[in-house]
1. The conditions are (1) closer than 18 Å to SER17 by Cβ; (2) part of a loop (DSSP other than H, G, I, E, B); (3) not aromatic (Phe, Trp, Tyr), and GLN46 fails exactly one of them. Which is it?
2. Residue by residue through the range 20-41, note down the ones that are under 11 Å from the mean Cα position of the chain (by Cα) and part of a helix (DSSP H, G or I).
3. Pick from THR68, THR59: which is touching a residue at least 12 places away in the same chain (Cβ under 8 Å), out of contact with any Cys (no Cβ under 9 Å at 6 or more places or on another chain) and among the hydroxyl-bearing types (Ser, Thr, Tyr)?
4. Scan the range 31-43 and give yes if some residue there is touching a residue at least 24 places away in the same chain (Cβ under 8 Å) and more than 24 Å from LEU115 (Cβ to Cβ), otherwise no.
5. Considering only the range 13-49, how many residues are in contact with a strand residue (DSSP E or B) (Cβ under 9 Å, 6 or more places away or on another chain), closer than 17 Å to GLU109 by Cα and not hydrophobic (A, V, I, L, M, F, W, C)?
6. For the range 26-78, give me the residue count where each residue is under 30 Å from ARG158 (Cα atoms) and open to solvent by 90 Å² or more (accessible area, probe 1.4 Å).
Amino acid sequence: KQQQKGILVTAHHKNDSVETLIMKLLRGVHISNLTGMEIVSSPEDQPNAIWARPLLKLTKADIKHFLTSQKLTWREDSSNTSSKYKRNRIRNELLPLMADIAGSEELLEKRLENLSQQSREMSHNLLLWAQRYLDNSGSSNDFFILPPKKEEITSIHREALHLWCRRGEGGVNLTY
């Protein structure tokens with residue numbers, strides 16, 4: 001039975017993506033996942049779903065300006081001003097403080113975008129190195145082979161193990 005793909009289009013904008021990056025930083029994600037939202041993505045647990053965020057290159061201010069110029073009304077959820085939720089607190093308190101310390105919103109945005117791009121590059125390279133490790137280590141669908149005890153286990157090995165497990169082909173047999 002063939003499953004249909006679905007596309008979910010959201011109105012997320014650049015500010016939402018920055019908030020996502022900061023939330024990931026505060027959660028302590030791996031440096032290779034320190035990014036905001038992607039314009040198009042497909043969640044690992046929903047391979048038939050596509051998320052599209054066509055407004056991600058625009059700021060909230062850009063969108064408001066466009067709407068005003070077209071004599072349209074911006075609608076804001078009243079809960080956005082409350083600091084009850086972590087994302088709102090980041091938006092309303094932390095990001096203005098960070099922008100002030102950085103020198104401006106534009107400088108902060110540029111620095112976070114650079115961080116996000118470096119993280120994407122690191123993620124891409126780490127995945128390549130992990131795949132190379134899987135290809136050359138003797139690991140198979142049934143076994144994941146760790147490096148010899150005398151070698152340090154690195155982020156490449158951890159990513160290779162993660163990649164091997166995500167394939168869904170491997171069992172639980174680990175050799176050391």
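1. Tallying (1) closer than 18 Å to SER17 by Cβ; (2) part of a loop (DSSP other than H, G, I, E, B); (3) not aromatic (Phe, Trp, Tyr), GLN46 fails exactly one: (1).
2. THR20, LEU21, ILE22, MET23, LYS24, LEU25, ILE31, SER32, ASN33
3. Details: THR68 fails: touching a residue at least 12 places away in the same chain (Cβ under 8 Å).
Just one listed residue meets the conditions, THR59.
4. Kept after step one, since they are touching a residue at least 24 places away in the same chain (Cβ under 8 Å), are these residues of the range 31-43: 31-37.
Checking the rest, the ones that are also more than 24 Å from LEU115 (Cβ to Cβ) come to none.
Looking through the range 31-43, none of the residues is touching a residue at least 24 places away in the same chain (Cβ under 8 Å) and more than 24 Å from LEU115 (Cβ to Cβ).
5. 1
6. So the count comes out to 7.
Yes/no per residue for (1) modelled with pLDDT of 95 or more; (2) among the aliphatic types (A, V, I, L, M); (3) within 18 Å of the chain's Cα centre (by Cα); (4) more than 18 Å from ILE22 (Cβ to Cβ):
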residue: PHE66; (1), (2), (3), (4): yes, no, no, yes
residue: SER69; (1), (2), (3), (4): yes, no, no, yes
residue: ASP77; (1), (2), (3), (4): no, no, no, yes
residue: ARG89; (1), (2), (3), (4): yes, no, no, no
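The values are calculated or read from the model by the stated rules, or taken from the named source; none is laboratory data. Since this is a predicted model, take the numbers as computed values, not measurements. Neighbour counts run over all protein chains shown; Cβ positions are idealised from the backbone, glycine included. Side chains are part of the model used for accessible areas, which takes the heavy atoms of the whole protein and leaves out ligands, DNA and RNA. Shrake-Rupley method; radii C 1.70, N 1.55, O 1.52, S 1.80 Å.
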